[in-house]
Amino acid sequence: MFKEKTVFVVGAGASSEYGLPVGIELANTIASLMRFEFDFGQLQEGDRKILNVLKHKFNNQNEPVNSHLQAARRISEGVTQTDSIDQYLYIHGDDEEAIFCGKAAVVRAILEAEKES
């Protein structure tokens, strides 16, 4: 059908038909994933896999892990005040920690939704 390599770019709305979260629904999911709460060092709320990514990336060094957890908390508190995670990350484009955490949360949310689709 195609003689050359072809790439199709499809907007996020196309995935909505298949039950994947988009817009405010994705923002709500990300807010939940990023809402890290600990009790005596034990994770009570937030996504364990994202936490493990942060620990692995920073070799369990407390300072960078904690600063990324703070960025995740900012995302959790602010993302639902925007129309989408994309808009939140655009607004906070100078916050490298938030960008990293936001992208990790998007990947996590989409992978989980794809398992269910």
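A compact table of results
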item: Evaluation of residue 80 against (1) surrounded by fewer than 20 Cβ atoms within 10 Å (Cβ to Cβ); (2) of a type in the set (Val, Ile, Thr); (3) over 23 Å from residue 16 (Cβ atoms) (one fails), failing number; result: (3)
item: Tally, over segment 86-117, of residues that are over 17 Å from residue 53 (Cβ atoms), open to solvent by less than 60 Å² (accessible area, probe 1.4 Å) and in contact (Cβ under 8 Å) with a residue 40 or more places away in the chain; result: 2
item: Filtered residue count, segment 1-53, keeping only those that are of a type in the set (A, V, I, L, M), open to solvent by 80 Å² or more (accessible area, probe 1.4 Å) and not in a loop (DSSP other than H, G, I, E, B); result: 1
item: Criterion: in contact (Cβ under 8 Å) with a residue 24 or more places away in the chain and either out of contact with any Ser or Thr (no Cβ under 9 Å at 6 or more places or on another chain) or of a type in the set (Phe, Trp, Tyr) (or both) - qualifying residue of 49, 5; result: 49
item: Criterion (on the phi > 0 side of the Ramachandran plot and under 13 Å from the mean Cα position of the chain (by Cα)) met by exactly one of 41, 46, 102; result: 46
item: Residue list for segment 105-117, filter: over 14 Å from the mean Cα position of the chain (by Cα) and either basic (Lys, Arg) or modelled with pLDDT of 95 or more (or both); result: 115
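The values are calculated or read from the model by the stated rules, or taken from the named source; none is laboratory data. Quick caveat: nothing in here was measured; it's all calculated off a predicted structure. Note that we place each Cβ from the backbone using ideal geometry, even for glycine, and neighbour counts take in every protein chain shown. To get the accessible areas, we keep the full protein, side chains included, count just its heavy atoms, and leave off ligands, DNA and RNA. Shrake-Rupley method; radii C 1.70, N 1.55, O 1.52, S 1.80 Å.
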